[in-house]
């Protein structure tokens, strides 16, 4: 019996770590996607932000984030525990305790920390091309160490939202809408890029520099999402769990496909052209939409959920850009916010245990907490150090002003 326990423990731990590695690879996807959708003169700073935020997230979640999210508390106010990820659980497993964990606690920490980095990556693209690098990294410290873990405690940490019945399998709200809420707060204080909106109300497109790179980034994210959703099953060592993982993988893939096709068709009907950027965001919106519940839908329903997400993201991007004049260079707020809200509500289509009241409570609480807390942090940073580069630096490109180098020096400068 002990041998079976050891084998199951080893298998589930390995599966958890492998899925965590896939989610970590999503950092490369976000980096490539954002690099392709900004102008060449701002690419090196985007690369620096993404690799920097990932490292900050890992350290801050180790120091305090994990302990806040999964520590003791009263359901609303979490306990504060430093260095919460500090040990494995093999001894507990082999003791035969009924509630003993079936995977290493360090595997759990690793899997959770890459989710935190994903939430912060969402912010990076939305504030691109005009935000100060060090202000952004300072915000990353607070979001990953404190803001994200608090709402994580309320949900996955068995806090009051969990008690209210909020259901979010892999984080449409907890990760994606949270990241979009933080991004929205930053964008509102930051303002639009110079030249984006004209004095007579015109909206000027600012194309990205490398659509092949953006497409590669989307495909990397698509691949990483199998770890994102599949790993959230938490185990694979029994027949039921293995079957669940297979369904989660299938539904995740079909939702992305449905989102892409729907967005592509809507773009063709609306704009008269097959807009690649809308198609890419449609795939990502489909992935975000299915993340709250990738297990209970049928494959057909998962495709429909993803397709609706793809349609919503096109409409959301247009409204935010043309009507509300909110400048989001990569469409992150729409992909992760609008589709995230839809994903939370779509849980009700297939999960009989979820309730409308619980899902609405989750949407309202997560958005309010992350948006208001982020707005406060952004405001403090704006007051103390400033969050926007100078007009001269923005015109020349933040690569030179913030990083002192360029990603494409042969193309962005004329040399004698």
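Values quoted throughout were computed directly from the atomic coordinates according to the rules given, and no laboratory measurement underlies them. Just so it is clear, the structure is predicted and the values come from calculations on it, not from any experiment. Because the Cβ atoms are built from the backbone with ideal geometry, glycine has one as well, and the counts that use them run over all protein chains shown.
The long axis of helix 356-384 is offset from the longest Cα principal axis of the chain by roughly 50 degrees. Descending by average beta-carbon neighbour count within 10 Å, the peptides 212-220, 375-383, 192-200 line up as 212-220, 375-383, 192-200, the highest first. Working note: 222 nm ellipticity from helices only, DSSP H runs with n ≥ 4, each -39,500 (n - 2.57), summed and divided by the residues of the chain, gives -20500 deg cm²/dmol to the nearest 500.
For region 2-412, taking Cα atoms only, Rg and Dmax work out to 20.7, 74 Å respectively. Rounded, prolate or oblate: which one fits region 337-416, using the alpha carbon gyration tensor with axes a ≥ b ≥ c (rounded when a/c is under 1.5, else prolate when a/b beats b/c, else oblate)? Cα axes put region 337-416 in the oblate bin. Highest mean packing comes first when the peptides 126-139, 163-176, 232-245 are listed by Cβ atoms within 10 Å, giving 163-176, 126-139, 232-245. The radius of gyration of the Cα set in region 125-191, together with its Dmax, comes out at 13.8, 41 angstrom. Relative to the compact-globule estimate of 2.2 N^0.38 Å, the Cα radius of gyration of region 223-303 comes out at 1.22. For the peptides 306-312, 347-353, the ranking by mean Cβ contacts within 10 Å, running from highest to lowest, is 306-312, 347-353. Just check region 267-416 against the gyration tensor rule for me: Cα atoms, a ≥ b ≥ c as the square roots of the eigenvalues, rounded for a/c under 1.5, and otherwise prolate or oblate depending on whether a/b exceeds b/c. It comes out oblate by the Cα gyration axes. What is the helix-to-structure angle for 105-126, meaning the angle in degrees between its Cα long axis and the longest Cα principal axis of the chain, kept from 0 to 90 and rounded to the nearest 10? Result, in degrees: 20.
On the basis of the beta-carbon distance and an R0 of 35 Å, residue 203 and residue 382 show a calculated FRET efficiency of 0.90. In degrees between 0 and 90, to the nearest 10, how far off the longest principal axis of the chain does helix 276-291 point, with axes built from Cα atoms? That helix lies at roughly 20 degrees to the long axis. An oblate overall shape is assigned to region 143-259, the ratio a/c of its alpha-carbon gyration tensor axes (a ≥ b ≥ c) being 1.5 or greater and a/b not exceeding b/c.
Here is the P(r) of region 154-221: all C-alpha pair distances, binned every 10 Å from 0, give 15, 24, 32, 18, 10, 0 in whole percents.
Each label was represented as a point 7 Å from its Cα along the Cα-to-Cβ direction; for residue 322 and residue 357 these points are 4.1 nm apart.
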